[in-house]
1. Between Arg76 and Asp25, what is 0.36 nm times their sequence separation minus the Cα-Cα distance? Round to one decimal in nm.
2. What FRET efficiency comes out for Asn58 versus Arg37 if R0 is 22 angstrom and r is the Cβ-Cβ distance? Round to the nearest 0.05.
3. Taking a ≥ b ≥ c as the square roots of the Cα gyration tensor eigenvalues, with a/c under 1.5 meaning rounded and otherwise prolate when a/b beats b/c, else oblate, which class fits the range 42-83?
Amino acid sequence: MAIRFNRLTLPFAKVMTDSPTVYVDGVGTVILKYSNRVKKTTLTVTPDKGVRVSVPENVSFDTAIEFVSQNGHWIRNKLYRIK
């Protein structure tokens, strides 16, 4: 599974500007976001916002990217269901 790392820059959304994105083959673009409200890494798949990963502040983005890679099949299944 190939992963590319880049920054998403949208001037209208401060939260999104600080959120790096990861491109995962078969899944597409995944937005990573630190959150002080989550206790564990969570995946969210929605038709309008796509795939988002909320990461606790004590977890690195590298760990979150590994989490996305391990759950690629689940993400693809959810994307297929919502289309």
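1. The span from Arg76 to Asp25 would gain 17.4 nm if fully extended.
2. Given R0 = 22 Å and the Cβ-Cβ separation, E is 0.95.
3. Since a/c reaches 1.5 but b/c is at least a/b, the shape of the range 42-83 is classed as oblate.
Readers should treat all values here as calculations from the given coordinates under stated rules, not as data from a laboratory. Because the structure is predicted, anything quoted here is derived from the model rather than measured. Positions of Cβ are generated from backbone atoms using ideal geometry, with glycine treated the same way; all protein chains shown enter the neighbour counts.
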